[in-house]
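Presented below is the structure to which this report refers.
The values are calculated or read from the model by the stated rules, or taken from the named source; none is laboratory data. Model, not experiment: these values are computed from the prediction. Every residue, glycine as well, gets a Cβ built from its backbone with ideal geometry; the counts of neighbours run over all protein chains shown.
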Amino acid sequence: MLIHTETTPNPATLKFLPGETVMAAGTRDFATPEDADASPLAAAIFSTGEVDGVFFGRDFVSVSAAPGADWTRLKPEILSIMLDHFSSGAPLFSPGSAAGIEVAPGEPIAEDPADSEVVAQIRELIETRVRPAVAQDGGDIVYRGFAKGTVYLALHGACSGCPSSTMTLKNGIEGLLKHYVPEVESVEAV
């Protein structure tokens, strides 16, 4: 088995491509070692002591190194963990744990029912245009709500903490949504 790696726009994050499906549906973000208890693979990656985050996408795993971590030493260790996991056929999640996308914490955004057509357009654009592009960079963006002209999105994986995430939100996603959905005035991360 060969696992490829790719850099991401976030210098602290590498994208690992095992050449097989990681998650058949959804994504999963592990921001702490405690979160990783649900997954033997995520827990093993956190056990290096030099990892700040693990993110599972459809066909990739993004790993964010802790400040001061040395990728030249950490990368082979993570590759070894991943090779052992995928070669053994071990389950991605522990029995009884919740798989699939983790919803970002916080209060839900109260949406006006009159905006249902606008919300449907926004969701469609995010699913078909934004999420696939962001997944190529090792992350994910999840729709959280629309209120008073503002779209609220949660950033996961390589996008979370990425130095260029603000530019991506404002110049990329906001511009796309404003172009296709005139009711959109701004985009904010939650």
Selection from segment 2-28 of residues more than 19 Å from Ala90 (Cβ to Cβ) and in contact with a Leu (Cβ under 9 Å, 6 or more places away or on another chain) yields His4, Thr5, Glu6, Thr7, Thr8, Leu14
Kindly check whether there is at least one residue in segment 149-166 that is under 15 Å from Asp115 (Cα atoms), out of contact with any strand residue (DSSP E or B) (no Cβ under 6 Å at 6 or more places or on another chain) and not assigned by TED's automatic domain parsing to the domain that holds Val54. yes
May I ask you to list the residues in segment 70-81 that are of a type outside the set (Val, Ile, Thr) and either over 28 Å from Arg131 (Cβ atoms) or assigned to a strand (DSSP E or B) (or both)? Asp70, Arg73, Pro76, Glu77, Ser80
Residue check: is Glu50 of a type outside the set (Gly, Ala, Ser), touching a strand residue (DSSP E or B) at 6+ places or on another chain (Cβ under 8 Å), surrounded by fewer than 21 Cβ atoms within 10 Å (Cβ to Cβ) and farther than 19 Å from Gly139 by Cβ? yes
Going through segment 82-93 in order, the residues found to be surrounded by 15 or more Cβ atoms within 10 Å (Cβ to Cβ), part of a helix (DSSP H, G or I) and hydrophobic (A, V, I, L, M, F, W, C) are Met82, Phe86
Given the criteria on the phi < 0 side of the Ramachandran plot, surrounded by 13 or more Cβ atoms within 10 Å (Cβ to Cβ) and at pLDDT below 85, does Ala66 qualify? no
Anything in segment 138-190 that is among the charged types (D, E, K, R), in a helix (DSSP H, G or I) and at pLDDT 90 or above? List them, or say none. Lys178
Run down Ala25, Ala38, Ala43 and say which single residue is modelled with pLDDT under 90 and either more than 22 Å from Ser164 (Cα to Cα) or not assigned by TED's automatic domain parsing to the domain that holds Asp140 (or both). Ala25
